[in-house]
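*Asks:* Quick one: structure below, then a few questions.
The values are calculated or read from the model by the stated rules, or taken from the named source; none is laboratory data. Model, not experiment: these values are computed from the prediction. Ideal geometry is used to build each Cβ from the backbone, glycine not excepted, and the neighbour counts take in all protein chains shown. To get the accessible areas, we keep the full protein, side chains included, count just its heavy atoms, and leave off ligands, DNA and RNA. Shrake-Rupley method; radii C 1.70, N 1.55, O 1.52, S 1.80 Å.
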Amino acid sequence: AQRVWGAPAALVPRRIGTVDPRLLPYFEEAAAALLEGDDALQKVAAMCAVVAGQSSLSQHSLLTGEEHLKTLLVEATDGAPLEARDAVASVAQLVPSLNGERCADSIGKIRQCASPCKLVFDLPDEMADAVVAAFDALAATDGGEDGAARPSGRRPTLLDSGVLSISACAELPELRPLGGRGGGGRGSGR
């Protein structure tokens, strides 16, 4: 969150510096009133938010910057490489649907991290919170390693095996470059 809001906060000193000094006397009384009391720091912080053009906190994707999306981190705790389908299957298993929508169908951008045992992906913030809460509840029960919660006939998933971790992503890990292979392909182009 600190990283997401760092850019708007950095605007404040520049914007304050552009105010015409002849305008300041008209706001001194209001400023003095704001500085009185125990909550002066909160009031000044609120003023800075307004100067930065922000008045409410909404979730943003760390991958795309889109509002109302949350980026989640999936990690194989045994070091095994993960694929996009592992994230989709895990979401589908943890929270099949929310408010009539299939959660796995709502997954946005999925990116592989530089470490092959990590993936990041976006979900609408309410679904993301539900997925993290469901994972935390599952982890508290040791991941259901005995398979008791698994429908008969279904192969064990990474979640069932207890080798997957899902959390809200506070800061993006290093991502794998897009395009994957590199190298230049076949032939020399002649």
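*Asks:* Within the set of pairs 6 or more residues apart or between chains, which connect a residue that is in a helix (DSSP H, G or I) inside segment 31-42 to a residue that is small (G, A, S) with Cβ atoms less than 8 Å apart?
*Replies:* Within 8 Å, the pairs are L34/A40.
*Asks:* Restricting to segment 95-144, and then to whatever is in a strand (DSSP E or B) and among the polar types (S, T, N, Q), can you tell me which residue is surrounded by the fewest Cβ atoms within 10 Å (Cβ to Cβ)?
*Replies:* Per the stated criteria, the residue is S97.
*Asks:* Out of the residues in segment 74-89 that are touching a residue at least 60 places away in the same chain (Cβ under 8 Å) and part of a helix (DSSP H, G or I), which is surrounded by the fewest Cβ atoms within 10 Å (Cβ to Cβ)?
*Replies:* By that ranking, first place goes to A89.
*Asks:* Please list, ordered by first then second residue, the pairs with beta carbon atoms under 7 Å, 6 or more apart or interchain, first in segment 157-179 and in a loop (DSSP other than H, G, I, E, B), second among the polar types (S, T, N, Q) and open to solvent by 50 Å² or more (accessible area, probe 1.4 Å).
*Replies:* Pairs that qualify, where the first residue is in a loop (DSSP other than H, G, I, E, B) and the partner is among the polar types (S, T, N, Q) and open to solvent by 50 Å² or more (accessible area, probe 1.4 Å), are T157/Q93; V163/T77; R176/Q112.
*Asks:* State whether the residues of segment 57-79 include one that is under 27 Å from D160 (Cα atoms) and among the small types (G, A, S).
*Replies:* Checked against the condition, which is being under 27 Å from D160 (Cα atoms) and among the small types (G, A, S), segment 57-79 yields at least one hit.
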